[in-house]
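In what follows, a structure is listed as structure tokens, so that the remarks can point back to it.
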Amino acid sequence: MPPRSIPPLAYAAGVFVLVSATVHLGLGLSGLYEWLVLGTEGALRPLAMLLAAVLAYGLVVTYVTGALAPTTVYAAGASVMALYLFAYADAHAFGLVEATTGLDVGGHGHDHGHDGHDHGDHDDGHGHDHNGHGDDHDDGHGHDHNGHGDDQGHDHNGHDHSHDGPATEVLYDHLVDDTLALISKLAEAGAALAFAALAFLDRR
């Protein structure tokens, strides 16, 4: 039996999937260590990360070994990558699963109702807010160290996100501040598009 011809687009999809799988594996193992050793991380997030890594690696292995028909792998690959994109967006911005199940899937431990952030009462409009908690300084020399000027709870290193803005803005902030997540999501978007194109071309 001659070796199966693998389309170049399938190679690209495979690379994207491997990037996503490796990022999920690293984050899952790191979270598992924090959960088991440090006790600073819950079990849900790292276990979900590891499951996502296994599924992604499984897609590649299944395709390479020919265990399933290519069309089936393409459809499954596009669906899984789209699911990963939705899961990230929902966990960090939309909160549909959290609102429905009560699970803190994003690992934030905050209230998505946006009513739990007390920014304080600054009569002069120049409050010096370090962590979004509304420390009131009456010396008139408050500073906004993040250039936002809107007292939305951003800390000095730019990683404390306010959830008062539109979901797309919140999602953008998370991706900009998290390089690994950005790489992973770009890879998943590329893989989803590549798998969808392969499935379409395979059915022609």
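The values are calculated or read from the model by the stated rules, or taken from the named source; none is laboratory data. Treat the numbers as computed from the prediction; the structure is a model and nothing was measured. Don't worry about glycine lacking a Cβ; one is built from the backbone with ideal geometry, like all the others, and counts go over all protein chains shown.
One table, with the values for the structure above:
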read-out: Boolean, Gly66 is over 18 Å from Leu193 (Cβ atoms) and exposed (fewer than 13 other Cβ atoms within 10 Å of the Cβ); value: yes
read-out: Selected residue (criterion: surrounded by the fewest Cβ atoms within 10 Å (Cβ to Cβ)) from residues of region 1-22 that are more than 20 Å from Tyr88 (Cβ to Cβ) and small (Gly, Ala, Ser); value: Ser5
read-out: Complete set of residues in region 174-202 that are touching a His at 6+ places or on another chain (Cβ under 6 Å) and at pLDDT 90 or above; value: Asp177
read-out: Filter result for the condition that a residue is part of a helix (DSSP H, G or I) and buried (at least 20 other Cβ atoms within 10 Å of the Cβ), over Leu47, Leu55, Leu25, Leu59; value: Leu59
